[in-house]
Amino acid sequence: MRSSSKCPISSYVWQFSDGTTSYGPSPQKAFNDNGVYDGQLTVTDNTGLSTTQDFTVTVSNVPPSVNAGPDTTSDWGRPVQFNGQATDPGSADQPTLQYSWDFGDGSPSADGGPSVAHTYAMPGDYTATLMVCDKDGGCNSDTRIVHVTRRDTTLGYTGPLSASPSKIITLTADLVDKYGEPVVGKKVNFVLGAQTALEIGYLGSHSYRLERMFDWNETTPSVTGSVQSRKPYPEYTKVQEIGNVAEARYNSMAVKLTRRLHQGLSVLGGYTLSKSTDNGSGIRVLNGDTLFPQNSFCLDCEWGPSVFDVRHRFVASILYELPFGGGKPYMQDGVGAAILGGWQVSTILTKSSGFPRTAYVGTDRSNTGGGQDRPNVVVGQDPTLPGDQQSINRWFNTDAYVLQPLGTFGDAGRNTFYGPGITNVDASIIRNFRLPAAKSLQFRFEAFNLLNNPIWNDPNTTLTSPLYGTINSTRRPMREVQIGLKFVF
């Protein structure tokens, strides 16, 4: 309807499907959310006559505007506060905004609100990214630079200042930062005299996105139907994938004693107490671990000691030169020097605990075609036997596991007991002969596994095997002896 001098328009009424009404020939309207809105325009003249016209308005989604905050500087090891902001043009989207922070140091993203805290483990410049998405999939992001600096530390000796002869004392020291907080992950070295040093250190790590194999088309366990029919995508067979889905934690304390060669004696010894856990020890695993998990859809069920976890390990290397001959305290020349001079005795001592091992069924009782079935645990039974009960005929408690029901996965964990450790002594006797014209001849007598101690292999861990629980081989040969001559010219 058009206005004329005889019948001027008296009103324009715009009615929208969201329940709102606007007036006038050219009103402005703000919609709270994207979508398709219907409406009706009613035009009335001054005589009371009116007409209507339907219309449709399509409102497109607009992603939120994001502000990650200003660049900042912080010391390593101190929490950094992130305060971001996001505004969505649609008021209906504002309460539904989802925030995700990527801190730029390889750690997992933090999903939460606009304000989070994060601690950087190493100095450096990091780009932190805030991603914000609305409920309709509209996303936007912003970045900020975090400059992480080193923090000053102070080392203070806190041990005793005096001691009696032949009495064992404990040396202690504190490494603190400028905030008065202890610093972990750094070694503290004690120098005992001019030739001997003692080092004590802690090392810890938390690794993310490690590679491991899994089957994302794995069959659901059951006693009915074929293996192929129970796959999520039965038109495909096994779908093998190497993905960054594994995680690991490692903590250790290391003690190292070093004595430089002095008065004919050199000593290098180290002890490590450590614990390594993960839900996948690699894509090329060691003996005793499987390439695929028992259940590819439950990687948390694989969490346990790493297949290479060694809880205790001690290694010492000792060299002693007999105090006879030229340059030594006794019998520097003559017959005594000719017979007793130039001799060296050395040994390497190794003592370590065993590797963790897993009990397996050995048959496909889950009816999944996988072959990684683990048994069920017997409640109240510890798989680890006391030391005086362990033997090559029964290394672990074989009564701790039973076959799981057909068509199910077992509830036994991964790497739940340990194999035999290693005790080994290698030794050598060396005689050096000095020859004219800067030449020398060296005689060596070496013995490997000097004590002829059997270093057992891991036990059989398959329930359905007749050798279940027994050890049937050694990891290394028995004593080996070799003699050699070396001419240096």
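Rule-based calculations on the coordinates, nothing more; no lab input. These numbers come from a predicted model, not from an experiment. Note: ideal-geometry Cβ built from the backbone for every residue, glycine included; neighbour counts use all protein chains shown.
With r as the distance between the Cβ atoms of THR42 and SER65 and R0 = 45 Å, compute the FRET efficiency 1/(1 + (r/R0)^6) and round to 0.05.
Numbers: r = 37 Å, r/R0 = 0.82.
Given R0 = 45 Å and the Cβ-Cβ separation, E is 0.75.
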### Task
Please list the non-local residues whose amide H lies under 5 Å from the amide H of ARG475, H modeled 1.01 Å from N, same-chain partners needing a gap of 5 or more.
ILE455, TRP456, ASN457
### Share of pairwise Cα separations in the stretch 65-149, more than 15 Å, in percent
54 percent
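Sort the following peptides by mean Cβ neighbour count (other Cβ atoms within 10 Å, averaged over residues), highest first: 472-478, 434-440. Intermediate values should be presented prior to the final figure.
Values: 472-478: 12.0, 434-440: 9.3.
The densest-packed peptide leads the list: 472-478, 434-440.
Counting only helical runs of four or more DSSP H residues, what would the 222 nm mean residue ellipticity of the chain come to if each run contributes -39,500 (n - 2.57) and the total is spread over all its residues?
-500 deg cm²/dmol
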### Query
Put a dot 7 Å past each Cα toward the Cβ at ALA121 and SER346; how far apart are the dots in nm?
3.6 nm
#### Entry: Rg and Dmax [Cα atoms of the chain; Å; Rg one decimal, Dmax integer]
37.3, 144
#### Entry: Which of PHE214, PHE297 has the fewest Cβ neighbours within 10 Å, and the rest in rising order
PHE297, PHE214
### Query
Are there cysteines in the chain with no second cysteine's Cβ under 4.7 Å away, and if so, which?
CYS7
## Note on the structure
Under the Karplus relation with 6.51, -1.76 and 1.60 and θ = phi - 60°, whole-Hz ³J(HN,Hα) for the stretch 442-450, x at Gly and Pro, equal 10, 9, 10, 10, 10, 10, 9, 6, 4
#### Entry: Listed peptides 264-272, 45-53 by packing density, highest first (mean Cβ within 10 Å)
264-272, 45-53
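What fraction of the DSSP beta bridges in the stretch 341-489 is antiparallel, stated in percent and rounded to the nearest 5? Don't jump to the answer; show the numbers that get you there.
On the way: 34 of 35 bridges.
Among the beta bridges of the stretch 341-489, antiparallel pairing accounts for roughly 95 percent.
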### Query
Among residues other than LEU322 whose Cβ falls under 12 Å from its Cβ, what is the net charge (Lys/Arg +1, Asp/Glu -1)?
+1
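Find the eigenvalues of the gyration tensor of the Cα atoms of the stretch 291-349, then list the square roots of 5 times those eigenvalues as equivalent ellipsoid semi-axes, largest first, in whole angstrom.
Values: eigenvalues 683, 16, 6 Å².
So the three semi-axes of the stretch 291-349 are 58, 9, 6 Å.
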### Query
Taking the Cα centre of the stretch 184-488 as the origin and placing charges on Cβ (Lys, Arg +1; Asp, Glu -1), which of PHE443, PHE417, PHE433 is farthest toward the positive end of the dipole?
PHE433
### Message
Quick check on the chain: of the DSSP beta bridges with both residues there, what percent are antiparallel, nearest 5%?
### Response
95 percent
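Indicate the gyration tensor shape class of the stretch 9-59 (rounded, prolate or oblate), computed on the Cα atoms with a ≥ b ≥ c the square roots of the eigenvalues: a/c under 1.5 is rounded; otherwise a/b larger than b/c is prolate and the rest oblate.
Prolate shape, in that a/c is at least 1.5 and a/b is the bigger ratio.
Sorted by average packing, counted as other Cβ atoms within 10 angstrom per residue and highest first, what order do 132-145, 414-427 take?
Working: 132-145: 17.1, 414-427: 19.1.
Top of the packing list down: 414-427, 132-145.
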